[in-house]
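Here is the structure we will look at, set down as structure tokens.
Each value in this text was obtained by applying a stated rule to the coordinates, not by laboratory testing. Bear in mind that the values here come from a model prediction, so they are computed numbers and not experimental data. Cβ placement follows ideal geometry from the backbone for every residue including glycine, while neighbour counts extend to all protein chains displayed.
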Amino acid sequence: MDIAVIGSNMVDLIAYIDRMPAEGETLEAPDFHMGCGGKGANQAVAAARLGSDVLMVTRVGTDIFADNTVANFEKNGIDTRYVMRTEGRSGVAPIFVDAESHNSILIIKGANAQLSPADVDNAAGDIIQCKLIVLQLEVPLETVYAAIRFGKEHNIPVLLNPAPAQPDLVLSEVKDCEYFMPNESELSLLTGMPVDTIDDVRNAATTLLNAGMKNVIVTLGSRGVLWMADGIDELLPAHTVKARDTTGAGDAFIGCFSHYLVKTGDIRESIAKANRYAADSITKLGTQTSYATATEFAQL
Ligand code: ADP
């Protein structure tokens, strides 16, 4: 097993609209798509499509969405032994994408809110076999903290994507992550600092390094990626592409980065690949539907 993703799954309910509705307004949406999403699942699918062996630790509900989610994991070759059932609703995410590809997203966590530290313990024997643990913040923080402690105890590097932005995240609980990978707005929220210019981003990331984090890798949308670590300060510009739908770009980035990191151990190379992979994903509609397979990625 290469990667353990301990995190969320959602069913994305995506309405493609011309413009955002005003309060009290009813608009007709020209198109609609139902897809599998959730940050944990998205990252797992991206890594698996590229060829990683991925173990998914997550919870689905007992509604009509749950079987669909499990089938989707299986279709992508992901190990589902720890996709557990919680009585009730699965996570769902109604998403609006407008004509300029701006998006607004609602998250109803459902079963994701029940993923517990005990679930991490329950999967311990298999997580231990993995070379990387990948986490996000769509499941309870205590579970994220438990997974980080587990990684530290067993010498497994941990990647935390602190998304969606969570003002309650306690930095001292997550400083042992080898890879801390926020986007610019998450970085701003966590540090209380501006991220308008690259120097602002640098200053904010530096406070995280000072807090004890090893690698801070900030995704900056069309501005690319900033990697900061001890003695390292590198900005990789974004690839120029025609954006059609940027939903899931961050997850494409994390999944691809994880895949190449486990495969090569080369952080710079993994960032460069992920930068390319995420750019490709935004040229296509949807979240997981926009993630290339290894073969497709090789052809770019
Ligand atoms: P999130 O989806 O979390 O908001 P970002 O917007 O930072 O994440 O995007 C993640 C990555 O996707 C970026 O670091 C970049 O590699 C790629 N990306 C996003 N938007 C663009 C864009 N407009 N052009 C090229 N690459 C992009």
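Around Asp53, which amide H atoms from residues at least 5 apart in sequence, or from another chain, sit under 5 Å from its own amide H, with H modelled in the peptide plane?
Placed amide hydrogens put Asp2, Ile3 under 5 Å from Asp53.
Under a plain spin-label model, where a point goes 7 Å from the Cα along Cα-to-Cβ, how far apart in nm are Ser222 and Lys175?
3.8
Which longest run of the chain has no exposed loop site in it, a site being GluC sites (Glu not before Pro) in a DSSP loop with at most 13 other beta carbons within 10 Å, and the site itself not part of the run? All intermediate terms of the calculation are to be shown ahead of the outcome.
Working: sites that count: Glu23, Glu25, Glu28, Glu87, Glu100.
Result, exposed sites excluded: 101-300.
Taking the Cα-to-Cβ direction at Leu300 and at Asp126 and moving 7 Å from each Cα, how far apart do the two end points lie in nm?
The answer from the label model is 2.9 nm.
Per residue of the chain, what 222 nm ellipticity follows from adding -39500 (n - 2.57) for every DSSP H run with n ≥ 4, rounded to the nearest 500?
On the way: 11 runs with 108 residues, N = 300.
Calculated from helices alone, the mean residue ellipticity at 222 nm is -10500 deg cm²/dmol.
Run the reach check for Lys242 against lysines, Cα to Cα strictly under 30 Å, same-chain hits fewer than 8 apart removed. What comes back?
Here the lysines satisfying the reach criterion relative to Lys242 are Lys39, Lys75, Lys263, Lys273, Lys284.
Just need log10 I(q)/I(0) for the range 58-177 at q = 0.10, 0.20, 0.22 Å⁻¹, Debye formula, equal scatterers on the alpha-carbon atoms, no solvent, rounded to two decimals.
Summing over Cα pairs of the range 58-177 leads to -0.35, -1.23, -1.35.
For the range 205-255, what does the alpha-carbon gyration tensor say about shape, rounded, prolate or oblate, given a ≥ b ≥ c as the root eigenvalues, a/c under 1.5 as rounded, and a/b over b/c as prolate?
Details: a/c = 3.26, a/b = 2.06, b/c = 1.58.
Because a/c hits 1.5 or more and a/b exceeds b/c, the range 205-255 counts as prolate.
Check the straight Cα-Cα distances from Lys214 and name the aspartates and glutamates below 16 Å, setting aside those fewer than 8 residues away within the same chain.
Counting by Cα, and skipping residues close in sequence, Lys214 has these aspartates and glutamates nearby: Glu173, Asp176, Glu178, Asp230, Asp233, Glu234, Asp266.
If one computes P(r) from the Cα atoms of the chain, what percent of pairs lie at distances over 24 Å?
Details: 21707 of 44850 pairs.
When every Cα pair of the chain is considered, 48 percent fall beyond 24 Å.
Spin-label point model (7 Å from Cα, Cβ direction): what's the Thr207 to His33 distance in nm?
3.7
Only counting other Cβ atoms within 10 Å, I'd like Ser258, Ser188 sorted with the fewest neighbours first. Present the calculation step by step, with values, prior to reporting the outcome.
Values: Ser258 30, Ser188 19.
With the sparsest Cβ surroundings first, the list reads Ser188, Ser258.
Set the Förster radius R0 to 30 Å, insert the Cβ-Cβ distance between Asp63 and Arg19 as r into 1/(1 + (r/R0)^6), and round the FRET efficiency to 0.05.
Working: r = 31 Å, r/R0 = 1.05.
The calculated FRET efficiency here is 0.45.
Using 1/(1 + (r/R0)^6) with R0 = 22 angstrom and r between the beta carbons of Arg81 and His154, what's the FRET efficiency to the nearest 0.05? Spell out each step's value before the answer.
Values: r = 19 Å, r/R0 = 0.85.
The value I calculate is 0.70.
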